[in-house]
1. Could you please give the count of residues in segment 72-94 that are surrounded by fewer than 13 Cβ atoms within 10 Å (Cβ to Cβ) and closer than 17 Å to Arg42 by Cβ?
2. With (1) under 23 Å from Val207 (Cβ atoms); (2) in contact with a helix residue (DSSP H, G or I) (Cβ under 8 Å, 6 or more places away or on another chain) as the list, and Arg88 as the residue in question, which single condition is left unmet?
3. Please determine, by comparing only the residues of segment 16-43 that are among the polar types (S, T, N, Q) and assigned to a helix (DSSP H, G or I), which one is farthest from the chain's Cα centre (by Cα).
4. Just a yes or no: is a residue in segment 44-54 surrounded by fewer than 19 Cβ atoms within 10 Å (Cβ to Cβ), part of a helix (DSSP H, G or I) and either among the basic types (Lys, Arg) or modelled with pLDDT under 90 (or both)?
5. Report, ordered by the first and then the second residue, all pairs with beta carbons closer than 8 Å, sequence separation of six or more or different chains, a first member in segment 126-149 that is without any contact (Cβ under 8 Å) to a residue 40 or more places away in the chain, and a second member that is aliphatic (A, V, I, L, M).
Amino acid sequence: MKRLHISSKTLLQYKNDQIKQFEKLVKVARKQATEKSIHKIRVTARRLTPVLKNKKLRKMARVLGKERDLDVAINNANHYQLATRILRQAKKAAHKNTGAKLKKIDIKIPAHSSNARMLIDFKRMMRKQNLKLKQFSQAKPSQIDLHRLRIVFKKVRYGLEAIGIIQPQLQNMQDLLGHIHDLEVLQELLGEDQAVLRDKSKAKRQVNRSYRQVIQSTSKCLDQI
């Protein structure tokens, strides 16, 4: 099988570009953190994870994720005409926490002993995710943990993007799984609603129809790493 040529130089350039973007976004958000700016910081932090081992960064992404979940929950609650008072109160507290974290965050280019080490770590991580995908492809739909599948797809997507590979099918599946996650968060915060349950079930059926195909095409690409 033909192997993809992945250079440590490519990964280093990608990492440095994302760090610059992250620092720029944090600087802006420290002055005025908006839903849009927080989302951009969170996405950039996720894009860094395939090439940057940093506990502070992962912790920051989790903090931003909590506020992002509340922003989406408020939008979804409005869509389903549900009460938002509790959500807005939680959002206010989360926003205050985010602001405090943004002031403290200090991201520095880390600690890889060499560019070659970074490349080895990257390949190991991608192969590990590929093994997980193969396990998912063999499971029955009823046995699939959609939350775990979403996380694996997310890691694979950002890893492939780091080496310049874009897979629309993978992006679409991740978006669909993200939508299911958002509806589940809404249910956890506000309780069950029939319209929400109906839409979540519909999205799950869509996943069940196509997840194996997406896994196969993605895994075929990962086999070359």
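The values are calculated or read from the model by the stated rules, or taken from the named source; none is laboratory data. This one's a predicted model, so the numbers in the text were calculated from it and none came from an experiment. Here Cβ is always computed from backbone atoms with ideal geometry, including for glycine, and neighbour counts include all displayed protein chains.
1. So the answer is 0.
2. (1)
3. Step by step, filter segment 16-43, then rank; the result is Asn16.
4. Within segment 44-54 (the criterion being surrounded by fewer than 19 Cβ atoms within 10 Å (Cβ to Cβ), part of a helix (DSSP H, G or I) and either among the basic types (Lys, Arg) or modelled with pLDDT under 90 (or both)), the answer is no, since none of the residues qualifies.
5. What qualifies is Lys132/Val152.
Here's the yes/no breakdown for (1) of a type in the set (Lys, Arg); (2) surrounded by fewer than 12 Cβ atoms within 10 Å (Cβ to Cβ):
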site	(1), (2)
Ala116	no, yes
Arg124	yes, yes
Asn130	no, no
Leu133	no, no
Phe136	no, no
Ile144	no, no
Ile163	no, no
